[in-house]
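What follows is a short report on a single structure.
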Amino acid sequence: MILEVVKYGSPVLRQKGERIGKVTPEIKTLIDDMFETMRERHGVGLAAQQIGKALQLTVIDVRDAKDRPSTVELDGKPADVDAMMPMVLINPEIKPYGETIKGPEGCLSFPEIFGEIPRPEFVEVKALDAEFKPIEFCAGGLLARAVQHEVDHLNGILFIDRMDKKTKDELRDELDKMQAETKEEAKKLEMRK
């Protein structure tokens, strides 16, 4: 089922996600729905907060982004990125490392807004997969960027928080408008109840 993606201004985007204790049938359904929603909107990642659930859960799939390559290492050896996709990360812990590089980012919760975001080039990841089994890997390229972006969401951090002042100032009118529209929509929904 395709879920609604909440937009900037929705309070859930600022909430730190709760850790998941086990994969229930509801969590399995949520994961499937998140993948379907992400694909429908042509995203490479989607965090639970973006569909209104404050949980430590994100889905990622970078296979369609051929113009922005990814790398992955398992046990210190290069591995096939496509073989690890689609990826589910539950309760992820990350350790970014390497040179900080600016790269283009967008976000499904910020339609039509993009910016050059500085992030470390690589990231070590420890998480649980969809079967609640531990996974560990190191990622580079787009996958490293996507993991960092999504884990930020799980901690209530948005990509605009990492923009430089000049970029954020240039986007200020669009961001203020989106935030106001989201709050107005929420008010209307509340009045209908």
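Since every read-out is calculated from the coordinates, none of them should be taken as a lab result. As the structure is a computational prediction, the values presented were derived from the model and not from experiment.
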Rounded to the nearest Å, what's the spacing between the alpha carbon centres of segment 134-156 and segment 39-100? Just the number, please. 5
Tell me the relative contact order for the chain as a rounded percent, counting alpha carbon contacts under 8 Å between residues six or more apart. 26
For the chain, modelled as a Gaussian network with Cα springs under 10 Å, which listed residue fluctuates most, 127, 65, 146? 65
From largest to smallest, what semi-axes in whole angstrom does segment 11-192 give when each is the square root of 5 times an eigenvalue of its alpha carbon gyration tensor? 27, 22, 14
